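Below you'll find the structure, written out as structure tokens, and then a few comments.
The values are calculated or read from the model by the stated rules, or taken from the named source; none is laboratory data. Keep in mind that what you see is a predicted model, and the values were worked out from it rather than measured. Here Cβ is always computed from backbone atoms with ideal geometry, including for glycine, and neighbour counts include all displayed protein chains. All accessible areas refer to the heavy atoms of the entire protein, side chains included, with ligands and DNA or RNA removed. Shrake-Rupley method; radii C 1.70, N 1.55, O 1.52, S 1.80 Å.
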Amino acid sequence: MKKLYLENNGTKGSNIVAVTYSGGISKRFASSFPNWCNLYNLLGQQGVLSIGATTNNNDDVDFVGDMPSTCESNYLIMVTNTDQNDVKARQAGYGKKHIDIGVPGEDILTTTDQAKKYTTESGTSLSAPILAGAVS
């Protein structure tokens, strides 16, 4: 969408593109997935910022690994989730090197697959779209 925007002088596509991704692999390192990590650079060169959710395990991803948390790209922001007191949630990954920011992700009101129903959910996957919205 960003490439289309640039190619058409803003008449098609989208200028603001923030992608969230929450389908990671716990306890694995970027060195095993060079193409996956390079994707963030390729997207970034087109003007796309990606936001990834880290693991929902209380793991220091700097030491035990997590994909895509351990990818290093200037176009990737990795989030963990925080609670109502802005404290890292008990079941959320962390790391001084690979986690960029904590974002609310506990007891988030969201829709269900049932018509007109809402529920609360928790996890880093709830934090990523909140950050994407803030970035946009």
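Taking a point 7 Å from the Cα of residue 25 along the Cα-to-Cβ direction, the residues of the stretch 46-76 with backbone N closer than 20 Å to it are 51-73, 76. If you count Lys pairs in the chain whose Cα atoms are under 25 Å apart, skipping same-chain pairs closer than 8 places in sequence, the total is 7.
As a rough guide to protection, the peptides 87-95, 103-111, 7-15, 62-70 ranked by mean Cβ packing within 10 Å, highest first, stand as 62-70, 87-95, 103-111, 7-15. Expressed as a whole percent, the accessible area of the chain that falls on carbon and sulfur atoms is 50 (1.4 Å probe).
Approximating the spin labels as points 7 Å out from Cα along Cα→Cβ, the residue 64-to-residue 135 distance works out to 2.6 nm.
Electrostatic tally near residue 84: other residues with Cβ closer than 9 Å to its Cβ, Lys and Arg +1, Asp and Glu -1, net -4. For the stretch 65-136, a Kirkwood radius taken over Cα pairs fed into Stokes-Einstein (4 °C, viscosity 1.567 mPa s) yields D = 100 µm²/s.
Within the set [x] 42, 34, 31; [y] 46, 43, 25; [z] 47, 27, 27, the number that Cα extents along the principal axes in Å takes when calculated for this structure is listed as [y]. Under a 5 Å amide H cut-off, with hydrogens placed 1.01 Å from N, residue 77 pairs with 50, 51, 52 among residues at least 5 apart or on other chains. Would you work out if the stretch 40-104 is rounded, prolate or oblate? Take a ≥ b ≥ c from the square roots of the eigenvalues of the alpha-carbon gyration tensor; rounded if a/c is under 1.5, else prolate when a/b is larger than b/c, oblate otherwise. Judged from the Cα gyration tensor, the stretch 40-104 comes out oblate (a/c at least 1.5, b/c at or above a/b). As a rough guide to protection, the peptides 26-38, 117-129, 49-61 ranked by mean Cβ packing within 10 Å, highest first, stand as 49-61, 117-129, 26-38. Remark: the chain carries 59 Å² of accessible area per residue (probe radius 1.4 Å; ligands, DNA and RNA excluded).
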